[in-house]
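Participant: Sending over a structure as structure tokens; questions will come in a sec.
The values are calculated or read from the model by the stated rules, or taken from the named source; none is laboratory data. Remember, predicted model here, so these are calculated numbers, not experimental data. Surface areas here come from the heavy atoms of the whole protein model, side chains and all, with no ligands, DNA or RNA. Shrake-Rupley method; radii C 1.70, N 1.55, O 1.52, S 1.80 Å.
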Amino acid sequence: MADVTIVNVFPSLMGTYGDVGNELALAHRLHLRGLTAECLRIDPREPIPTTADLYLIGGGEDRAQVLAASLMAEAMRGAVMKGAQVFAVCAGFQILGESFTDGQGQIHGGLGLLDAVTQPLKERAVGEAIINSTLPVGASVGFENHRGATTLGPDATP
């Protein structure tokens, strides 16, 4: 049995930007710390296990995001209620909120796991990003390319 079970949720649907790399990087970091990882890639036609330690949700286009949100809602809520952690980027992060608005202006319900809503920006946000966390992990450096602006509600902290 592995020390940590990682579920990559719908990488064929929510992996537009090579998000499987997050799975590989996390498994490698666990290995460097002497821990074993079991990585499961779940297809949209398969049930999502609700007993894993970590769930990964990647990026996707509007239609993929809407479909993924509807297919994963019950299982993801159940897994989080059991104490699982979620690492989500791009559309995956937007799905975790209360709602997200697609490019045509239609509002879709999210999973309600975060007190946040996402709406489209007038122009895409593209470029280098430096994120300073309130956690003792230091700054994170990355690249952004998205058109969603997420607003946190009063019960959320960055």
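Participant: Restricting attention to region 114-130, and to residues there that are over 17 Å from the mean Cα position of the chain (by Cα) and open to solvent by 50 Å² or more (accessible area, probe 1.4 Å), which single residue is farthest from Q104 (Cα to Cα)? Write out each step before concluding.
Facilitator: First, pick out the residues of region 114-130 that are over 17 Å from the mean Cα position of the chain (by Cα): 120-130.
Narrowing the set further to residues that are open to solvent by 50 Å² or more (accessible area, probe 1.4 Å) leaves 120-124, 126, 128, 130.
Working: P120: 9, L121: 12, K122: 12, E123: 14, R124: 15, V126: 21, E128: 27, I130: 30 Å.
So the residue we want is I130.
Participant: Here's a follow-up. Output the residue which, of all residues in region 138-152 that are open to solvent by less than 100 Å² (accessible area, probe 1.4 Å) and hydrophobic (A, V, I, L, M, F, W, C), is modelled with the highest pLDDT. Spell out how you get there, then give the answer.
Facilitator: Here is the first cut: in region 138-152, the ones open to solvent by less than 100 Å² (accessible area, probe 1.4 Å) are 138-140, 142, 144-152.
This time we only want the ones that are hydrophobic (A, V, I, L, M, F, W, C), so: 139, 149, 152.
Working: A139: 83, A149: 91, L152: 95.
Filtering region 138-152 for residues that are open to solvent by less than 100 Å² (accessible area, probe 1.4 Å) and hydrophobic (A, V, I, L, M, F, W, C), the one modelled with the highest pLDDT comes out as L152.
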